[in-house]
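**Student:** Have a look at the structure that comes next, please.
The values are calculated or read from the model by the stated rules, or taken from the named source; none is laboratory data. Computed from a prediction, not measured in an experiment: that's the story for all the values here. Neighbour counts are summed over all protein chains in view; Cβ atoms, including those assigned to glycine, are modelled from backbone coordinates with ideal geometry.
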Amino acid sequence: MSVSLIETEAALEAACARIAAAERVALDTEFHNEKSYAARLMVVQLVVGDEVMIVDPLRVRELRPLADALAGKTVVGHALQSDLKILADRFDALPGAAFDTQLAAAFCGYGMSISLADLVHDLVGLRLRKSQTVSDWSTRPLTAQQIDYLVDDVRYLFPLADALRERLDGNGRLAWFEEDVRPLVDISKYRPDAERLYLRIPGATRMNRRELGVLRELAQLRDTLARERDVPLKYIIPDDVMSGLVSLRPASREDLAQLRRLDGGARKAYGDRIVQAIAAGLALEENDLPRKSVRPPGAEREAIVACLSVLVNAIATENSLPAGLLTPRAALERVARELPASAEEIARTLDASAWRTALVAEPLHALLSGRVALTVSGAQMGNPHVERVATGGAQEG
């Protein structure tokens, strides 16, 4: 497999022409996101046909042609979400389809987060050199060891995808995988919900509705300012200062001086906008205030969540799938709070896909309605496992 280093616009143009003629492209990226709102690309690795292309964004500054070339193509990668988020954030563009080898491996019984190195070792029989995992990708020139690492990150993606597709087809889960991988190339997946930004701030669950209204306005302003300046949110207003602003409700830029961690430069640059956001939150009509965050389940509902989790884990074991792939705990907490009256309502509460509805929703409804109970069998024989038993005594499933 040949390796090309793309460091000029002419070389990138030639690479894009090859991509345009290909059916699929292997993709990986190296990026830094410690000091920016959107991750900053340091390296892009591609495989087109039998060639590895290493694109250097520090030398080729305009990568819009690459984003355009990938549009409409199928990209193959491992844990693709962070790579595709960069394309969405930087270029507002995504490929036409994706094959995520980590997600495909989960449907083949490998767990939720198998590493590329472990998957290559299991399916290809080779051990990758991972000596550059914490490398500084902003340094130039790239070393020989760094280039070897970059090549290894993409050179086996096509064989992995082919092997996993064959397994998915064989175990009848290809359609499940295709349903789950489709959202990776939906641009809306990478757009923050402006109305819900405030929910990420520690302490929001303890605030009343008026305080949440102020916090929501501040959270939207902070996100806008961070995006405009391309810096992390905490560089605009740290989380603890957000809570302090809600409590103090300063009415002027001078009042902001009470907050020690909001420095003079920040007060001068956007202090007036902070005061305006607070005033906007305080002026909201009662009906326009955010709803109070739901408190965590009480002791009884925690017990219900635990029972639901046991059942989901049992179903996952029966189907050689990771439990996290079936439904997250937060979704089970919603079920315990709302206690849906039918399998269809449970599916809506879980926001479940078609295959999850069939696999999980009806058993959860049977458990909640008392038609089945859970029991541990085989413990005394050294082979303990959870079984679903009909309440009349006959085993279910």
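**Student:** Across the stretch 274-314, what is the number of residues that are among the acidic types (D, E) and at pLDDT below 95?
**Tutor:** 2
**Student:** Here's a check for you: in the stretch 357-396, which residue that is touching a Ser or Thr at 6+ places or on another chain (Cβ under 7 Å) and under 15 Å from N313 (Cα atoms) is surrounded by the fewest Cβ atoms within 10 Å (Cβ to Cβ)?
**Tutor:** H385
**Student:** From A336, A354, grab the single residue that is of a type in the set (G, A, S), surrounded by 16 or more Cβ atoms within 10 Å (Cβ to Cβ) and outside the structural domain of M112 (by TED's automatic domain parsing).
**Tutor:** One residue alone meets the criteria, A336.
**Student:** Would the stretch 173-184 turn up any residue that is within 25 Å of M42 (Cα to Cα), modelled with pLDDT of 95 or more and in a helix (DSSP H, G or I)?
**Tutor:** Within the stretch 173-184, one or more residues are within 25 Å of M42 (Cα to Cα), modelled with pLDDT of 95 or more and in a helix (DSSP H, G or I).
**Student:** Of these, R301, R291, which one is charged (D, E, K, R) and surrounded by 13 or more Cβ atoms within 10 Å (Cβ to Cβ)?
**Tutor:** Being charged (D, E, K, R) and surrounded by 13 or more Cβ atoms within 10 Å (Cβ to Cβ) holds for just one of R301, R291, which is R301.
**Student:** For the stretch 203-225, how many residues meet the condition of being touching a residue at least 60 places away in the same chain (Cβ under 8 Å), in a helix (DSSP H, G or I) and more than 8 Å from G281 (Cβ to Cβ)?
**Tutor:** So the count comes out to 4.
**Student:** From (1) closer than 27 Å to E34 by Cβ; (2) charged (D, E, K, R); (3) in contact (Cβ under 8 Å) with a residue 40 or more places away in the chain, pick out the condition that doesn't hold for D68.
**Tutor:** If we test D68 against (1) closer than 27 Å to E34 by Cβ; (2) charged (D, E, K, R); (3) in contact (Cβ under 8 Å) with a residue 40 or more places away in the chain, just (1) comes out false.
**Student:** Checking E195 against (1) in contact with a Pro (Cβ under 9 Å, 6 or more places away or on another chain); (2) crowded, with 17+ Cβ neighbours inside 10 Å, only one condition comes out false. Which one?
**Tutor:** Unmet condition: (2).
Condition check ((1) touching a strand residue (DSSP E or B) at 6+ places or on another chain (Cβ under 9 Å); (2) free of Cβ contacts under 8 Å to residues at least 60 places away in the same chain; (3) part of a helix (DSSP H, G or I)) across all residues:
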{"residue": "E345", "(1), (2), (3)": "no, yes, yes"}
{"residue": "T349", "(1), (2), (3)": "no, yes, yes"}
{"residue": "A361", "(1), (2), (3)": "no, yes, yes"}
{"residue": "A366", "(1), (2), (3)": "yes, yes, yes"}
{"residue": "T375", "(1), (2), (3)": "yes, yes, no"}
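**Student:** Moving on. Return yes when E211 is under 30 Å from A323 (Cβ atoms) and of a type outside the set (S, T, Y) and no when it is not.
**Tutor:** Taking the combined requirement at face value, the residue does not satisfy it.
For every residue, the table says whether it meets (1) part of a loop (DSSP other than H, G, I, E, B); (2) in the same structural domain as A366 (by TED's automatic domain parsing).
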{"site": "A266", "(1), (2)": "no, no"}
{"site": "I274", "(1), (2)": "no, no"}
{"site": "A280", "(1), (2)": "no, no"}
{"site": "L284", "(1), (2)": "yes, no"}
{"site": "A306", "(1), (2)": "no, yes"}
{"site": "N313", "(1), (2)": "no, yes"}
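**Student:** Do the conditions hold for V60, that is, is it closer than 18 Å to S82 by Cα, in contact (Cβ under 8 Å) with a residue 40 or more places away in the chain and of a type in the set (A, V, I, L, M, F, W, C)?
**Tutor:** In short, no.
**Student:** Are there any pairs with C-beta distances below 8 angstrom linking a residue in the stretch 152-167 that is charged (D, E, K, R) to a residue that is surrounded by fewer than 20 Cβ atoms within 10 Å (Cβ to Cβ) and assigned to a helix (DSSP H, G or I), with the two at least 6 apart or on different chains, and if so which?
**Tutor:** R165/L174
**Student:** Inside the stretch 245-263, can you point out the residues that are surrounded by 15 or more Cβ atoms within 10 Å (Cβ to Cβ) and outside any loop (DSSP other than H, G, I, E, B)?
**Tutor:** Within the stretch 245-263, L245, V246, D255, L256 qualify.
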